[in-house]
Structures are given as C-alpha cells and as structure tokens.
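The values are calculated or read from the model by the stated rules, or taken from the named source; none is laboratory data. Note that this is a predicted model, so its numbers are computed, not measured. All Cβ positions, glycine included, derive from the backbone under ideal geometry; neighbour counts span all protein chains shown.
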C-alpha cells in the first residue's frame, strides 16, 4: 500500500510536467489550430538558460522567471516570424516549419551547451531527508512542489481566461478570428500573446523536470511525446482535458513501470496504442468538443 | 464638419487582383436608415467590410467629418462604427454574456450598465446569459449579434444581411427592433439586404448595387415603386 | 470621441500587419513566391548558373572525393557517401509519396527505414527460423529487400488506418510516437533473439559480387580498379533501385490510384464526392510509402553490416532528415528526393567537417555575432525609415512598436551573448548541421514551397513563356504536376 501511494505521487508529479506541457500545447491549438512541435525543445533551451543563470549566481526562482520570459519571447517570435506568414497556405507547411524550429532549437542547445548533462538546482528541497510520510510511504517534497506548481498555473490560467479582458479576447480569438477583428480585438497581438504564454509554460515544465531528470539536449523529447498523447487524450481544445490527460498519462507510466514488469521498457508502444485508440474511438478526446474534422 | 455622418467617395475595394467595388459614392446622414440593395455577388458584403476596415480599400471614407484613410477595424470601432457581420458571427463557444463583453472590447470603463440595458431590450438574451451562444436559435443569435455591436456604443451601425436565414416573421420583428433602436438612440443605420420588400419599407433612403456599381438611389418609397427594382427584387408584383 | 484622431490625420495600415482576414494586393503571387518576369535573357541565366553552379560543383567534388579520379585513386569514403545519398533518396521517395503526392504529412518514416534495415540483417544473419526460405535460415541479401518492403507495407497499413481518418496534425503526431515505439520494440530485451536488443545486430560484412553483370562474356567489374568494392556495388544497386522506384512512382501517379492520391491532397471533400474512397487511398498510399522507405532501409542495413536502435537515421532525427531532403528537393517532384538526398548528404558532410575542426570555433562565432548585429541594425534602420512618419505623427502607435523592435533585438543580442558564455564550458559545433537543416526547413516552408526541383521547373517554364503560346495551354500545362506540400 505504501508503495502504491509512493508510486501514485511519482506518477502525479511526472504527470504534472506532462500536464503543464499539454496545457501549453492546448493554449496554442485553441488559438491557431496548430500543434507546436517545437514546444518541448523551446522549453529545453530555456532550461539551459536557467542553468547558466544559476551558475552565474542568480537565485533559482529568478533564473526560472527569466527562463520563462525567454520562453515567452522565443515562442512569440516563432508565431510572428515563422508561423504567421504561412499559416494561411496549408497546414503541412506550418508543421514542416515547426519541425524546422524543433530541429534548429534542439541543435542550438547542443551546440552551445554541449552534450554532457548540466545541473539545474530545484526550486524545492531535494536533500535525502526532504520528504514526509503518509503511513509508510515516503513522499518527496519535490514531487509535492511540482504538483503544487501545476495547481498554481491552472488557477492563474483560469483567472486569466475567465476574469480578464485579455483572457476574454483570447477566448474570442480562439472561437472566431473574423468576429474578433470586428469587435476591435487586435487578433495578431492576441496570437503572439497566446504563443508567448505557451512558451513560458513550456519553459516552466522544463525547469521543473530538469533537476530530477538531468539537463541534456534530449530532456524534453520523451515528455513532449507523452504530453502530446495526453493532450489528444484529454481533447486538444480543452485545458481541463490537458490537465486530466497529463495526470492520467503520468499515473499510467508510473504504474506500468511499477507493476507491469514486461511493459516497463515498452512505454512508447503503449503510448502509440493509447493514441491510436483515442483516434479510433473518441477523436475529440475525453473533454474536447466533438467537432474534430472527420474525413 | 460635413452634415453627413458617413460620407463615402470613390470607394473601390476587392480581393487580391480582383476589384469588386468600382468607385462607389454614398452617404448616411445622422439618424438615418440607409439600405443598400443588391443581389448575390453585387458587392454588398464587400462594401460593409471595406467601410469597417476589414479589407484594403481605396477612396475616401469620412466619418463625422474626419477622414478614415484605410483603417484597421479597431480604429474604425473607436470612432463609433459597429458592424453586425453576415451570418451573425457570434462567438459560438462563449456565453451570451461573454459575447456582449467582447463587443465592448474597445470601450474603456464600466460596461455593466450597457449589458443590463441590452438585456432589457432583448429579454431572451437575459434568460440565456450563461448559455453558449451556439445553442441559441437563429433569431436569438441575430439579436445577440446586434446587441454585441451596440455594446460599442456606436453612432453608426452596419448590418450585413440581417434577414439571412431567418423566418419572415422573425425578420419583420427584427426590422421593427432596428427601427426602434434608431428612434430611441438617434443612431444611424446602414443595412445591406436582398430582402427588398421589408427593407425598403423600413429605410429612409436606399441604393441599388449591381456588380460593384450603384445603379439607382432614392427614398424607400421611390424605389418601391420603381419598375426596374420591382422586376429585379420584388418579383414584379411589388 | 476619438483621441487618436486629429484633423487630416489618417489611420494608416502598417505593411507589417497581416491580421487582416483577407489577402492584400501586393507584388507577390498568392503562393508567396516572388513574381519573376521573363524579361531576362539567356545570357543572364547562364551567368547565374555559372556563378552558383561552379562553386557548388567544386564543393560536391570535394565532398564526394571525385577529385580522386584526377589524382589517380578513388576516395572510398566519398563513394560511401554517394551510396548513402542514393539510399536516403529511396527512403525519401517513400516520404514523398505520402506527404508530397497524397498530402499526408508523416514525421515517422525513419521507423520504416529501421524496420527495413533490421529485416535485412535479421534475415541475412539467420536470426529467425524460415523453414521454406533461405539456406539454413540465412537469406541471400537481395531477397531480403522485397521482404522488407512487404513487412513495411503491412505495418504502414496498420498504423495508418486510424491516424489517417483525421486531419494533418494527428498523423504527424502519430508517426512521431510511432518512431519511438518502433525503437522501443527493437530494443526490447524479450525480442533479443531476433533483434539483438539494446546492442543490435552485428552482421558479417556483405560481400558484393565481383561483376555488376556477366552477360555472355560481357563483364562489368564492380570495382572500377578491378577489386569488388562494397561502396561501388551499393552505388549501382541503390541507383538502379532508385531509378526503378522513380519509374514506378511516376507510373502510379499516372494511374487511377495516383490521380486519386493527388485529388485527396488537393481537396478531400471534392475527391470523396468524385467517388474516391479516402481511407482506402490514404492507407494504401501510406503502406506503399512505408514499403519504399523500407527498401531504402534494407539497403542501408546491408551496406552498414550492423544495426542498432540508436542509429541516428532510425530515430526522430532520421525522420526529420527524410523530411528535410523531401522539402529541399521538392514535394511531389519525382526528381526531388534524389536532389534533396544528395544535398542533405553533402551539407551534412561539410557541417560535420567544420564541427570536427575545433580551431574554427571562435572565428565562426565571431562571424555569426557580427552578422547577427548587422542584421539587427539593418532591420531596425529599415523599420525606422519606413515608419518615420508614423513615429513622428502618431506616437501612440509607432513609437511603442519601435521600442518593441529595439528591445526585442537587444534581448536577442543578449541571448546570443549568453549562448556564447555557454560555449566556454565545453560546447561543440556538433549541432551545426542540425541548425542549418532546421533553418532550411523554416525557410523552404515559407519561401521555396516547391523545393529545388519545383522551383527549377518554374524557372524553366519562364524561359518557355518567352515564346508566345496559345492561351489554352500556357500556364496550366507547364506548371509542375503538384506544387504544394499539401492542400490548396
């Protein structure tokens, strides 16, 4: 039982990272209908920046905020310079360009920070005795902290979307760009903002993951795939779905590793099965609206 | 200051290389209801979109005596022109109330009083304020679209084919509401329509648009009795 | 009412604003390609060709070691690269079939490449029991190629069927996960007997036949210097297969199925109304494309003589590599994959050789930084020049944008500086090739949507247009068969 609780927290913490990344994907998908394939890599690059910042003596939380700001700028830049000029051409061109961003950003970080793992201190205590107990289960504070970060981001996003004028504009743009123009919303600026926001969230996911996973150029490759599956599972246009999907995928992964020995090295095939099943039986995902274009 | 609220001179616009509007001249005076009548493809929607800054245009558009060169939609809204787009263009995933809030995006300051006011005018919307706009009926959505445009406190309201897809009785009701709005608020209206019978009765003046040219103009009654208009838009019978 | 409006002041539309819902009339065609006027004479183009082609040819010769001919010997690694280019070209033909012609973007064809390579080695090394085939389960290398194709076709159909029911990004995402899934399966320890698990398969060196053909005494030796050389044999073999597949693909594209594929790409709804069974066409196309890429994979495995799941071309980066080669060569162009693959191998080799020369680091970065600063200055200057009236007249609009641009470019410079700090602790130029290819993908997606071959065709058609033609067959007849990656 204690092992179960421990694994559950492992899964929830890992799932929180996926949920953050999936939230970033959903924010962009809702506003522009694109899946940002470079999301994870932008996060990795930001984590490298954060590690350089902490090495130069900045406190961890300042480094994380700076990294998020950089994530915001990079993603906003990608929207304005890479995506917008071709978004009306065809969906394939945008994906190709985003794959280009994926590759360029990934290799840039390899070029500048090398292939050896860097260290990035955690925002939360990571000492050997930084844990508390539920019964016999030892729960590390770092895990709880990451789950807490997800909760804070979810609350902030909820407030932004539902309580502010900018949030209303973002929802309006996601729903109908033409009408948004007509009520005076500067659609272009809102799109930049949405991408930037997603970039910042993606950066946050990366700096949360890096301390435990080790900061290398491949930091976000796997998590991006898990997060994408989570986003599709939850419904690509549903923030709630992204969080639920992310946590579910995290739990699934933790329990597969913990309890199903013969599948513990076969996580990606399992993800493929999950993804294909969702596409076959519920293309809109658990919480998405049923308007996925079927052909 | 010119006496006309909206003065359009030599308006040309189009899409890509294709010019749709060829040097239109028309005007709307304060508190006037003006209808632009035209068949499918005559350029009605293009006229609306070029006035509201949604597409590139050439020619002079003066509002309240100020020239609006080639403006962006948000700047056009700020001077006091709102548009009800064709097909209503409500934010279907947003609630009715959020639609109204979005309509007041360019308005600075509190808008609570405006929202209450439009709920008074359209009680159906008040009943459904927390529902998704997409769940409303066509007539209700049209009301929502008008209320949303009015949230911007316009001096001039552009309506693009408000009768499209509505049952005749609802259209009649809608035109009645539009007339009342004008009477109560002293606001001017520019309506483009295919439905000649109803709209000509409603309006003060009208223009007839054919393939991007204005081919006739006059008061509503004049055009109602005009033989060519009768033949083209009223099925000959009148 | 309006504090932004002054008498006689017009609200102007920034040329940079694209938020208008409709197209803006400009000097560019709808596809984004600059309009080239046919007024330049043949001499002009000859000059262009000389300026660009001669250095290119020189570099090609350097990279592929062809200068060795003059020097009296062959550069074996150069020949190996050429063979690689043809093999990759075959794999790219597969991607081109599904992405270029059918319009379904796949980022997972490296999985088929891996499956093909493993099939080749598993069979030639006799790692599975095949009672009726092979000598003691050990297959002749040649016969593994069709088996690889068939296996990839089946896998392609199984994976493609669910993903292809939905639009673009779902297939892209599914294929992405597919790559990692296949790698996990290949590494899986329970399948170690067949796939070799994490260590992969180390096979015996594939011995090429002594003669390319031996026909009634007419013999063409495999090695031009008399020795049977694997690289040279692989060049013949892969080139022959490549040409065969190109013929096959152009045949398919002229057939009923091919027209259905193109119709599917250009307008799914219209295609369906015309009676195209979309899911069958897409699935068959996906399976076929997998099979073609699998053939490339089998050749790759045979040439290398060893496989493991961590070979870069089998993973995510391999998938992107195939995409780069297709996009650079030209989507839906029959010659595109060959051009793109040669280009890829060539640039990759140059980038690798730069990356291996540590002395050049600082020079490269100094140059990069200078170029970056110059670009930023030019952009800022141009912006200020273009908008100087705006900035002067309309402070609320122009000024904050100018500030934004300046702040943005400054932070870009600071970011570049921080990156430079990063290198001082042990960064390497390893990623140079990747960065180049990533940027190329971005640039091609925007500026060269038809790829090298497609653009060449457009240029060529400009020449032809100088001679007046009857209007009925002018543009439509000479435009490339399919000139977009996907959709309208």
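Annotations for the structure displayed:
- Residue match in the range A:99-114 (condition: over 20 Å from the mean Cα position of the chain (by Cα), within 7 Å of chain C (Cβ to nearest Cβ) and part of a loop (DSSP other than H, G, I, E, B)): yes
- Out of C:86, C:113, one residue alone is at pLDDT 90 or above, more than 18 Å from residue C:236 (Cβ to Cβ), crowded, with 24+ Cβ neighbours inside 10 Å and assigned by TED's automatic domain parsing to the domain that holds residue C:168. It is C:113.
- Test for residue B:149: is it in the same structural domain as residue B:100 (by TED's automatic domain parsing), under 30 Å from residue B:114 (Cα atoms), touching a residue at least 12 places away in the same chain (Cβ under 8 Å) and crowded, with 16+ Cβ neighbours inside 10 Å: yes
- The range C:128-145, subset in contact (Cβ under 8 Å) with a residue 40 or more places away in the chain and under 21 Å from residue C:208 (Cα atoms), residue surrounded by the fewest Cβ atoms within 10 Å (Cβ to Cβ): C:141
- Among the residues of the range A:204-223, those that are assigned to a helix (DSSP H, G or I) and within 13 Å of another protein chain (Cβ to nearest Cβ) comprise A:221, A:222, A:223.
- Residues within the range B:102-133 that are on the phi < 0 side of the Ramachandran plot, over 21 Å from the mean Cα position of the chain (by Cα) and either within 14 Å of chain A (Cβ to nearest Cβ) or not in a helix (DSSP H, G or I) (or both), tallied: 9
- Residue C:278 vs. criteria within 14 Å of another protein chain (Cβ to nearest Cβ), buried (at least 24 other Cβ atoms within 10 Å of the Cβ), touching a helix residue (DSSP H, G or I) at 6+ places or on another chain (Cβ under 6 Å) and under 28 Å from residue C:154 (Cβ atoms): no
- One residue from C:171, C:105 being touching a helix residue (DSSP H, G or I) at 6+ places or on another chain (Cβ under 8 Å), outside any helix (DSSP H, G or I), facing another protein chain (nearest Cβ under 10 Å) and surrounded by 24 or more Cβ atoms within 10 Å (Cβ to Cβ): C:105
- Residue within the range A:41-54 that is surrounded by fewer than 24 Cβ atoms within 10 Å (Cβ to Cβ) and not in a helix (DSSP H, G or I) present: no
- Any chance residue B:132 is surrounded by fewer than 21 Cβ atoms within 10 Å (Cβ to Cβ), touching a residue at least 40 places away in the same chain (Cβ under 8 Å), over 20 Å from residue B:195 (Cβ atoms) and touching a strand residue (DSSP E or B) at 6+ places or on another chain (Cβ under 8 Å): yes
Residues checked against (1) under 18 Å from residue A:154 (Cβ atoms); (2) touching a strand residue (DSSP E or B) at 6+ places or on another chain (Cβ under 9 Å):
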| residue | (1), (2) |
| --- | --- |
| A:177 | no, no |
| A:180 | no, no |
| A:214 | no, yes |
| A:222 | no, no |
| A:225 | no, no |
| A:233 | yes, no |
| A:243 | yes, no |
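- In the range A:278-292, residue nearest to the other protein chains (Cβ to nearest Cβ) [restricted to those that are surrounded by fewer than 19 Cβ atoms within 10 Å (Cβ to Cβ) and not in a loop (DSSP other than H, G, I, E, B)]: A:280
- Residue in the range A:245-267 that is within 17 Å of the chain's Cα centre (by Cα), within 8 Å of another protein chain (Cβ to nearest Cβ), assigned to a helix (DSSP H, G or I) and modelled with pLDDT of 90 or more present: no
- Residues located in the range A:228-240, provided they are buried (at least 24 other Cβ atoms within 10 Å of the Cβ) and away from every other protein chain (no Cβ under 11 Å): A:230, A:233, A:234, A:235
- Set side by side, the residues B:66, B:99, B:40, B:4 differ, and just one is surrounded by 17 or more Cβ atoms within 10 Å (Cβ to Cβ), away from chain C (no Cβ under 14 Å) and modelled with pLDDT under 90, which is B:4.
- Here residue A:275 does not fit the description of being free of Cβ contacts under 8 Å to residues at least 40 places away in the same chain, over 26 Å from residue A:171 (Cα atoms), within 13 Å of another protein chain (Cβ to nearest Cβ) and assigned to a helix (DSSP H, G or I).
- Within the range A:163-203, considering residues that are within 9 Å of chain B (Cβ to nearest Cβ) and under 21 Å from the mean Cα position of the chain (by Cα), the one surrounded by the most Cβ atoms within 10 Å (Cβ to Cβ): A:174
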